[in-house]
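First the structure, in the form of structure tokens, and then the observations on it.
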Amino acid sequence: MLASVVILAASMALTNAHGTIWGPGMYCANEGNPNADYPSKQNSYHTGYPLYQLPWDKFWLNNNRNCKNDPPPDGEFMEVPANGVMKVQFASSRAHTNYGWGGKFYTGFVDGLTGYDVNENQPDCVTSPNIHAQNASMVAGSAFAIAYKSDINSVGLEDMVVFSVNQHAPWITVDYEYEVPDLPACPEGGCICAWSWIPNGCGEANMFLNAYRCKVTGATNTHALAAPQTPSYCEFDDSSCVQGAKQLLVWHQADGIDNINVDNRKQANGEWASPGFNDKCGFKHGAQTDIFSDSQISYTPSDDSSSSSASSSDTSAATGNVAAVMPADSESSSYEEPASTSSWEEPSSTSAWEEPASTSTWEEPASTSTWEEPASSSVWTESSSEASSTWSSSSAASSATAQCRSRASRRSLKRDLARAAAERKAREDPSIPERRAMNAHARSQRRAAHGL
């Protein structure tokens, strides 16, 4: 069946997956190819690949993949509720979120498979899925930033102010929340937002970054944001942490564009240091409330900033907790899923679909695909000390107690996933064997990728 081919192709491509935030308003939803056919768009995954040793014009806002030229549809925004909570989805592929295939292949886990334990603990790093952490308490944290400009080509690092941090995202699950401070409204045409993540070891010393067309909703504040400052590494000295508005972190890129350097330094656990959106660099968990200036905004705010896309048609996902708001004329809002999924066929316009050459032959840039950990301490590596290189369950337990402050309990997550699985089974019982076979195929591919 063609549907099986489409999903199997996506699963095979994800054996070394990473990830990004997928949803309305994102740039590069189509992997930098806005003219790609419908299945290719729904299976996008290269957008979530890491950035390493890139010059500015390739690094900034993930333009290594032509992302600035792959904008969201007109009228589509990521909504940022002032004094509220953003609900977003992180996954290795668009297909595994509610933003791809109408949520049909959403399982609650980043790679679209099932059977994972949210309490997973691997001393040598969790590699299935590849999430750059040993367990939930060791997650490095990620952040959203905003620039009060509407043209992505005019946005620079000095325009982006970090406004929300989730120190516990991303992990192996899909759904996350980011608390939002009392942001002012965006100008007409919206703002440009960005999401970024720097893992704490467990692989190549790289980072992730992507852009979104966004707008602040429910805004009443008229104070402008302060000019962002360059963050500092302050794990051992809180007094040296930069206070107030801060820039996004730029690390291990080319041509001297980094704005933080932790080379030849060790962090508290004895391993080589890496910066991150957490306390080590002065980023507190939650809404960043110290980012405002005394000045008033100097532009006319968008007149629809207090509404929630009233002119848009709501396309709610089948599962999960994120409702994707799409414009009425967007491609995905006009797509209709056949009534029965047990014998689902691709729409006739894509019935002869083949993977485009531009994606089927894509390879990671040479600078990253052949990178090896050098002996020098300039990049992350396991500590030579046995005490620091061997992760202990007792230290993890205390770390989890001190750090893991997730908004939803793991028990609640398990219950939600079980309920979603039961609903999906009731709707699609005839296709369960097919799905089980696809999962088994994907797992075998992952084992082969790791030499198992």
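Yes/no per residue for (1) in contact with a Leu (Cβ under 7 Å, 6 or more places away or on another chain); (2) more than 18 Å from GLY112 (Cα to Cα); (3) modelled with pLDDT under 95:
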| site | (1), (2), (3) |
| --- | --- |
| PRO39 | no, no, yes |
| ASN62 | yes, yes, no |
| ASN69 | no, yes, no |
| MET78 | no, yes, no |
| ASN83 | no, yes, no |
| VAL88 | no, no, no |
| SER93 | yes, no, no |
| HIS96 | no, no, no |
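Could you count how many residues in the stretch 198-224 are hydrophobic (A, V, I, L, M, F, W, C) and in contact with a Leu (Cβ under 8 Å, 6 or more places away or on another chain)? Walk me through how you get there before you give the answer.
Step one: list which residues in the stretch 198-224 are hydrophobic (A, V, I, L, M, F, W, C), which gives 198, 202, 205, 207-209, 211, 214, 216, 219, 224.
Now narrow it down to the ones that are in contact with a Leu (Cβ under 8 Å, 6 or more places away or on another chain): 198, 207-209, 211, 216, 219.
Here the count works out to 7.
Does GLU177 fit the bill of being out of contact with any Phe, Trp or Tyr (no Cβ under 9 Å at 6 or more places or on another chain), assigned to a strand (DSSP E or B) and at pLDDT 95 or above? Show your work before the answer.
Working: out of contact with any Phe, Trp or Tyr (no Cβ under 9 Å at 6 or more places or on another chain): yes; assigned to a strand (DSSP E or B): yes; at pLDDT 95 or above: yes.
Answer is yes for this residue.
Considering (1) over 17 Å from the mean Cα position of the chain (by Cα); (2) in a loop (DSSP other than H, G, I, E, B), say which one THR107 fails and leave the rest.
(1)
Filter the stretch 109-130 down to the residues that are hydrophobic (A, V, I, L, M, F, W, C) and farther than 20 Å from GLY48 by Cβ and list them by number. Please lay out each step first, then the result.
Let us first name the residues in the stretch 109-130 that are hydrophobic (A, V, I, L, M, F, W, C), namely 109-110, 113, 118, 125-126.
The answer is VAL118, and nothing else.
Restricting the stretch 92-104 to residues that are buried (at least 24 other Cβ atoms within 10 Å of the Cβ) and not polar (S, T, N, Q), which is nearest to LEU209 (Cα to Cα)? Give the derivation first.
Going through the stretch 92-104, the residues buried (at least 24 other Cβ atoms within 10 Å of the Cβ) turn out to be 92-101.
Checking which are not polar (S, T, N, Q) leaves us with 94-96, 99-101.
On the way: ARG94: 16, ALA95: 19, HIS96: 19, TYR99: 19, GLY100: 20, TRP101: 24 Å.
Checking each candidate, the answer is ARG94.
Quick check: is even one residue across the stretch 218-239 acidic (Asp, Glu) and part of a strand (DSSP E or B)? Give the steps one after another, and end with the answer.
Keep residues of the stretch 218-239 that are acidic (Asp, Glu), which gives 235, 237-238.
Right, trim to part of a strand (DSSP E or B) and you get none.
No, the stretch 218-239 contains no residue that is acidic (Asp, Glu) and part of a strand (DSSP E or B).
Among the residues of the stretch 114-127, is any among the aliphatic types (A, V, I, L, M) and at pLDDT 95 or above? Talk me through it step by step, then tell me what you get.
First, pick out the residues of the stretch 114-127 that are among the aliphatic types (A, V, I, L, M): 118, 126.
Imposing the further condition that a residue be at pLDDT 95 or above reduces the set to none.
Within the stretch 114-127 (the criterion being among the aliphatic types (A, V, I, L, M) and at pLDDT 95 or above), the answer is no, since none of the residues qualifies.
Residues in the stretch 143-176 that are hydroxyl-bearing (Ser, Thr, Tyr) and either closer than 19 Å to GLY108 by Cα or touching a helix residue (DSSP H, G or I) at 6+ places or on another chain (Cβ under 6 Å) (or both): how many?
As a first pass, look at the stretch 143-176 and keep what is hydroxyl-bearing (Ser, Thr, Tyr): 148, 150, 154, 164, 173, 176.
When the remaining residues are screened for being either closer than 19 Å to GLY108 by Cα or touching a helix residue (DSSP H, G or I) at 6+ places or on another chain (Cβ under 6 Å) (or both), the result is 173, 176.
Looking only at that region, the number is 2.
Quick check, is PHE109 touching a residue at least 60 places away in the same chain (Cβ under 8 Å), in contact with a strand residue (DSSP E or B) (Cβ under 8 Å, 6 or more places away or on another chain), surrounded by fewer than 24 Cβ atoms within 10 Å (Cβ to Cβ) and under 19 Å from GLU177 (Cα atoms)? Step through it out loud before you land on a result.
Working: touching a residue at least 60 places away in the same chain (Cβ under 8 Å): yes; in contact with a strand residue (DSSP E or B) (Cβ under 8 Å, 6 or more places away or on another chain): yes; surrounded by fewer than 24 Cβ atoms within 10 Å (Cβ to Cβ): yes; under 19 Å from GLU177 (Cα atoms): yes.
Spelling it out, PHE109 is indeed touching a residue at least 60 places away in the same chain (Cβ under 8 Å), in contact with a strand residue (DSSP E or B) (Cβ under 8 Å, 6 or more places away or on another chain), surrounded by fewer than 24 Cβ atoms within 10 Å (Cβ to Cβ) and under 19 Å from GLU177 (Cα atoms).
Filter the stretch 177-221 down to the residues that are in contact with a strand residue (DSSP E or B) (Cβ under 7 Å, 6 or more places away or on another chain) and charged (D, E, K, R), then identify the one that is surrounded by the most Cβ atoms within 10 Å (Cβ to Cβ).
Residue satisfying both the conditions and the ranking: LYS215.
The values are calculated or read from the model by the stated rules, or taken from the named source; none is laboratory data. None of the values given here were measured: they were computed from a predicted structure. All Cβ positions, even for glycine, are placed from backbone atoms using ideal geometry, and neighbour counts span all protein chains on display.
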